[in-house]
Amino acid sequence: MAISNPFKESEVLDIYKNKSMLKWIVLAVSIFISTGSILYTNVLVEQLKDTERRYINLFAKSLENTINEDVNLTFLTQEIIAPNTSIPVIWADADGNPIDTRNIEVDSTRGIAHINAQLKEEMKIMEDIYTPIPIQISDDNDFQYIYYKNSFLLTQLTTYPYIQLSVIAIFGFIAYLAFSYSKTAEQNRVWVGLAKETAHQLGTPLSSLMAWLEHLKLDNDFKDQALVEELEKDIARLQMITERFSNIGSVPVLNEENVPKLINTIINYLRPRISSKVNIRVDTISENIIAKINAPLFEWVIENLCKNAVDAMSGVGNLHIKVMRGSDYKVFVDITDDGKGIPKSKIKQVFHAGFTTKKRGWGLGLTLVKRIIEIYHSGRIFVRSSEPDVGTTFRIVLSTKL
Ligand SMILES: Nc1ncnc2c1ncn2[C@@H]1O[C@H](COP(=O)(O)OP(=O)(O)O)[C@@H](O)[C@H]1O
Ligand SMILES: [Mg+2]
């Protein structure tokens with residue numbers, strides 16, 4: 001009796017639809033938060049800039065008044081000029097020679113010429129940012145200038161959101177890697193554990209069956225030899241299944257196998273078991289193509305791919321397997337059917353666990369196939385081409401050495 005998939009087709013497909021939608025939502029929210037935070041900081045920066053500019057104008061005015069000595073000096077010095085402990089300021093004469101500075105670090109151990117050169121360098125930078133504020137000395141047309149730039153705090157605030165967002169992005173990326181790594185590790189444990197357990201569970205009744213078979217063979221009163229032969233075949237098949245599961249559950253041994261020969265053996269086994277209206281052809285450019293293979297697992301792969309192909313053709317059509325040699329010690333196996341094909345939008349999903357379009361499908365066949373080829377054989381498998389109503393080609397890439 002076939003067990004049907006307890007999930008309805010649409011439910012399983014929805015998992016993938018929702019997953020990709022979730023990705024877009026997360027991306028959109030991240031962009032929204034990032035832009036919002038940058039825009040908000042920019043508003044703060046603009047406000048602070050304005051305050052600093054106004055303050056420095058006041059500072060310049062106060063300085064002008066102090067020089068011209070027409071107001072209360074103590075008040076100006078204490079309330080406006082002295083409290084500037086953050087905005088870098090250079091006060092220079094009309095010819096651009098520095099007179100005094102605030103909040104600028106100079107190396108006082110060096111000579112005056114060196115310090116002046118450093119200050120002039122700084123004035124050039126300041127001039128590019130803000131036009132220096134002129135202050136009038138006495139009543140004649142003698143001017144001096146106040147050069148200034150943003151305070152250290154303001155400069156930091158401008159770059160802060162970018163640094164903050166980069167740190168968050170790096171952290172998010174590392175967290176994502178860690179999560180997906182632990183998810184893969186967990187999936188691996190489930191695969192290996194289940195396979196080992198299955199092999200183990202099958203082992204006991206299997207050895208008992210073999211013992212019973214030997215008993216029957218030796219029983220002279222038992223005349224039905226045909227029955228014994230059928231039993232032997234079924235037991236051999238059970239043994240093969242146990243071997244597959246035990247290979248999946250451990251590190252499988254790879255041997256040098258003749259690929260066309262192995263494939264022909266598998267096809268000869270499959271041929272009487274699938275619809276006679278499927279015409280199977282195996283082509284090879286040479287009878288002697290060797291690759292590193294674990295035979296029981298590779299049989300499983302070919303069986304799965306052929307069964308899918310037959311399903312796609314609804315039991316009528318052509319199945320073509322081609323073995324080729326590639327460069328760099330590669331061997332290609334192409335499995336082509338002229339079935340219903342896979343829509344472009346679904347090609348990426350066929351290898352996902354649980355993806356199926358069949359009423360009684362589990363969507364695990366290709367997941368297993370990919371796992372066997374990529375993890376146990378260090379090879380590759382992909383949909384080489386597929387077109388609705390024309391057919392599909394899966395390509396396996398194996399290596400002749402490891
Ligand atoms: N040769 C093929 N032609 C068309 N569709 C295919 C082919 N092989 C696989 N598929 C699609 O990929 C799905 C997943 O295949 P698989 O993992 O073997 O699971 P299942 O056979 O249980 O559905 C199938 O349901 C089918 O839609
Ligand atoms: Mg399948």
Carbon/sulfur accessible area of the range 254-399, % of total, 1.4 Å probe, equals 50 percent
Per residue, how many Å² of accessible area does the range 104-147 show with a 1.4 Å probe? 69 Å²
Can you list the chymotrypsin sites (Phe, Trp or Tyr not before Pro) in the range 170-245 that are in a DSSP coil and have 13 or fewer other beta carbons within 10 angstrom? PHE222
Which residue fluctuates the most in the chain, going by a Gaussian network model with Cα springs under 10 Å, if the choices are LYS340, LYS196, LYS233? LYS233
Please work out how much accessible surface LEU27 shows to a 1.4 Å probe, ignoring ligands, DNA and RNA, in Å² rounded to 10. 90 Å²
Whole-number accessible area per residue in Å² for the range 156-244, which is evaluated in the context of all protein chains at 1.4 Å: 77 Å²
Determine the relative contact order of the chain: mean sequence separation of Cα pairs under 8 Å and six or more apart, normalised by residue count, in whole percent. 13 percent
Per-pair calculated FRET efficiency, R0 = 22 Å: TYR130 and THR109 via Cβ, rounded to 0.05: 0.15
Of the accessible area of the range 104-190, with the probe set at 1.4 angstrom, what percent is carbon plus sulfur? 62 percent
Here, trypsin sites (Lys or Arg not before Pro) of the range 73-126 satisfying both criteria (DSSP loop; at most 16 other Cβ within 10 Å) are ARG110
Top to bottom by accessible area (1.4 Å), largest first, where do GLU52, GLU243, GLU257 land? GLU243, GLU257, GLU52
Per DSSP H run of n ≥ 4, the term is -39500 (n - 2.57); total these for the chain, divide by its residue number, and report the mean residue ellipticity at 222 nm rounded to 500 deg cm²/dmol. -18500 deg cm²/dmol
Report, in whole Å, the centroid distance computed from the Cα atoms of the range 295-366 and the range 244-274. 15 Å
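The values are calculated or read from the model by the stated rules, or taken from the named source; none is laboratory data. Quick caveat, the model's predicted, so the values are computed rather than measured. Note: ideal-geometry Cβ built from the backbone for every residue, glycine included; neighbour counts use all protein chains shown. Surface areas here come from the heavy atoms of the whole protein model, side chains and all, with no ligands, DNA or RNA. Shrake-Rupley method; radii C 1.70, N 1.55, O 1.52, S 1.80 Å.
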